[in-house]
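Please read the structure below before turning to the comments.
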Amino acid sequence: MAETILITGATGLVGKALTKVLLVQGYEINVLTTQKRLLGSKNNIHYFFWNPQSNDIDSKCFNKVSTVINLAGSPIAQRWTKSTKSSILNSRVQSLNTLANAIREHKINIKQLISASAIGIYPDSKTHYYEEKNVNSVGSSFLSYVVQQWEAATHQFQSMGIKTTLLRIGIVLDNKGGALPKIATPIQNYYGAVLASGEQWQSWIHIEDLVRLFIHILESRLEGVYNAVAPNPVQQVELTKAIAHVLKKPLFLPNIPEFMLKLIFGSMSSVVLESQRVCSKKIQSTGFKFTYHELSAAVDNLLT
Ligand SMILES: NC(=O)c1ccc[n+]([C@@H]2O[C@H](COP(=O)([O-])OP(=O)(O)OC[C@H]3O[C@@H](n4cnc5c(N)ncnc54)[C@H](OP(=O)(O)O)[C@@H]3O)[C@@H](O)[C@H]2O)c1
């Protein structure tokens, strides 16, 4: 009988792509969503309501479920005010708390939790090459704090004897949303430019590889922390140039200075200003093979 997977945040960029492939591979999919208009069953996906802020969850979502994939969280790429910062943190921690409370209360037998995490946990550095094993490698930024709290909230699943896996995801490249269209649109329209010094490392992953990586973890029942980034991170200047090259557009504007980015985006500018060069060796050592090793191939595949 097909395995049933429960996915939170399944309506987002990663969730949509992952769900599509899991369905093709014959998995049954239950989804927990905050959107009431989706409830019911559509295209072989069964939608159930939850509101992690009020610990509200339809426990029928766990019917036949052995694995939970957690992708829920309010968007990082929005202006950071007191209220959006609180939502960025709480939506992630409360989602895990709500799942854990329901599993405990209804004595549900879950084998594995696979949760999204992010490379934003690592400190901002132009020189370090981050591997998962260095537990002291955590930054002092807001984003790093969020990710530390997010990861800490998964410990309660381990305490219940549930296999727990964390994927520290890098910048997901997809042509349907996320970072790539935001960088490519200005370049396409002749006003693209390198951000700040352009020396900051950007550890990226092609959406197809990320989806395959989730399924690799699921099918191999791997546990622990894994960086979900391609083997060759690039500096921001290379990313901008690779996109311009594929789109056959010139880059003639000067770099956008750091102060200007801070003025436009406020403290959220740290998302593009911080540098994290992240290593993919651990997941590769488990037999995972990336399709997109080099940025040029990934960008070419997505933009042409
Ligand atoms: N995309 C990236 O480059 C990237 C990089 C590193 C880490 N990540 C992490 O990976 C996860 C998935 O990323 P994504 O790009 O697919 O995100 P996304 O497109 O923003 O989707 C996240 C989903 O979370 C749910 N959600 C939104 N606000 C929520 C709230 N307040 N409470 C509970 N659920 C809420 C929504 O699903 P419903 O509307 O159905 O509830 C939404 O579709 C996120 O946690 C993200 O932080 C992403």
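For region 211-290 and region 1-68, what is the centre-to-centre distance using only Cα atoms, to the nearest Å? One Cα centre to the other: 27 Å. In the structure displayed, which of Lys85/Lys182; Lys82/Lys176; Lys16/Lys36; Lys241/Lys262; Lys36/Lys107 lie more than 19 Å apart, Cα to Cα? Beyond 19 Å between Cα atoms: Lys85/Lys182; Lys82/Lys176; Lys241/Lys262; Lys36/Lys107.
Averaged over its residues, the chain has an accessible area of 47 Å² per residue, based on protein heavy atoms and a 1.4 Å probe. With the helix formula -39500 (n - 2.57) applied to DSSP H stretches of n ≥ 4, the chain reaches a computed 222 nm mean residue ellipticity of -11000 deg cm²/dmol. The listed peptides 99-106, 240-247, 263-270, ordered by packing as a protection proxy, come out as 240-247, 99-106, 263-270 (highest mean of other Cβ atoms within 10 Å first). Loop-located chymotrypsin sites (Phe, Trp or Tyr not before Pro) in region 143-175 (DSSP state other than H, G, I, E, B) with a sparse environment of at most 11 neighbouring Cβ atoms within 10 Å are absent. Can you tell me the length gained on complete extension of the stretch Glu223 to Asp56, counting 0.36 nm per residue apart and subtracting the Cα distance? Length gained, Glu223 through Asp56: 57.3 nm. Taking the average, over residues, of other Cβ atoms within 10 Å as the packing measure, peptides 130-142, 201-213, 219-231 rank 201-213, 219-231, 130-142 from highest down. Express as a percent, rounded to the nearest 5, the fraction of DSSP beta bridges in the chain (both residues included) that run antiparallel. Taking every DSSP beta bridge within the chain, about 20 percent pair in antiparallel fashion. Ordering Leu195, Ile69, Phe48 by Cα displacement along the dipole of the chain toward the positive end leaves Phe48 in first place; charges were set at the Cβ atoms of Lys, Arg (+1) and Asp, Glu (-1). Between Thr304 and Asn175, the contour length at 0.36 nm per residue exceeds the alpha carbon distance by 45.4 nm. In this simple spin-label approximation, Lys248 and Gln149 carry label points 7 Å from Cα along the Cα→Cβ vector, and these lie 4.9 nm apart. Note on region 216-304: percent of Cα-Cα distances in each 5 Å bin, starting at 0 and stopping at the bin with the largest distance, equals 2, 11, 16, 16, 17, 17, 10, 6, 3, 1.
With only alpha-carbon pairs counted, each pair once and no self-pairs, how large is the Kirkwood hydrodynamic radius of the chain in angstroms? One over the average 1/r among Cα pairs gives 20.0 Å for the chain.
Computing the accessible area with a 1.4 Å probe over protein heavy atoms, can you report the carbon and sulfur percentage for the chain? Solvent-exposed carbon and sulfur of the chain make up 53 percent of the total.
The values are calculated or read from the model by the stated rules, or taken from the named source; none is laboratory data. Computed from a prediction, not measured in an experiment: that's the story for all the values here. With ideal geometry, Cβ positions are generated from the backbone for all residues, glycine too; neighbour counts draw on all protein chains shown. Remember, those area values only see protein heavy atoms, side chains included, never the ligands or the DNA or RNA. Shrake-Rupley method; radii C 1.70, N 1.55, O 1.52, S 1.80 Å.
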